Amino acid sequence: MLRRRALLRAMGGAGAVVLGIRELQRARAQTRREDTMTHFSTPAFEAGNRIPREFTCEGQNVSPPLEIDSVPDGANSLAIIVDDPDAPSGTFTHWVIWDIPPDTTRIPRAVPGMEIVADLDGAKQGENDAGELGYLGPCPPIGDGPHTYRFTLYLLEREPRLGAGATKEALLDAMGGIRLGQTRFTGEFARE
């Protein structure tokens, strides 16, 4: 920051224009990266629609299969967070998994609740907000109406320096300066 200020003083108004143009070019490059970003979805349900019972607390309570396509070359690691912003006590985290290799195209149904997932080349899982390891399916209060569940994929420059079993907050902190972008789809679920 000090270097930029000194450069601006030395260059006068023209320097500000040059630096402003460079910042604009960087912002446009970032926007282009996000526009051509990875496709992230599930074959289990259409984005925005009802999550099948199988993947909730009323069913088998297993993670849905996920599909990932077109990861940019600069991404060297992936992470996924599933949460419910409509939970009565604030956003509730249902799943955190990271250190997913960038060439992963499919995450299978029913990822086991273990710290290290060998079938995903050593991906790490953390604690959900129930204090359990791995995926915890949607389970809103009965009669609460449909909740929206966010499935967010993060593209990272490198693997976060974070041990297995961590919380969502710890993962977000560890990803702080290494995020290249993110993409998301949602699903809805209500208990009658």
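Quick note: the coordinates plus some simple rules give every number you see, no bench work behind them. Note that the structure is predicted; figures quoted are calculated from it, not measured. Glycine also receives a Cβ, built like all others from the backbone with ideal geometry; neighbour counts cover every protein chain displayed.
For the pair THR91/GLU46, report the inter-label distance in nm, with labels modelled 7 Å from Cα in the Cβ direction.
Placing both labels 7 Å along Cα→Cβ, they lie 2.8 nm apart.
Give the long-range amide H neighbours of LEU180: residues separated by 5 or more places, or on another chain, with amide H under 5 Å away, using H modelled in the peptide plane at 1.01 Å from N.
Correct list: LEU155, LEU156, GLU157.
Which value in nm describes the separation of the simple spin-label points at ALA130 and ARG158, placed 7 Å from the Cα toward the beta carbon?
3.6 nm
With r as the distance between the Cβ atoms of ASP173 and ALA118 and R0 = 45 Å, compute the FRET efficiency 1/(1 + (r/R0)^6) and round to 0.05.
Values: r = 26 Å, r/R0 = 0.58.
E between ALA118 and ASP173, to the nearest 0.05, is 0.95.
Residue by residue through the stretch 137-149, what is 3J(HN,Hα) from phi via Karplus (6.51 cos²θ - 1.76 cosθ + 1.60, θ = phi - 60°)? Round to whole Hz and write x for glycine and proline.
Couplings: x, x, 7, x, x, 4, x, 7, x, x, 9, 9, 10 Hz.
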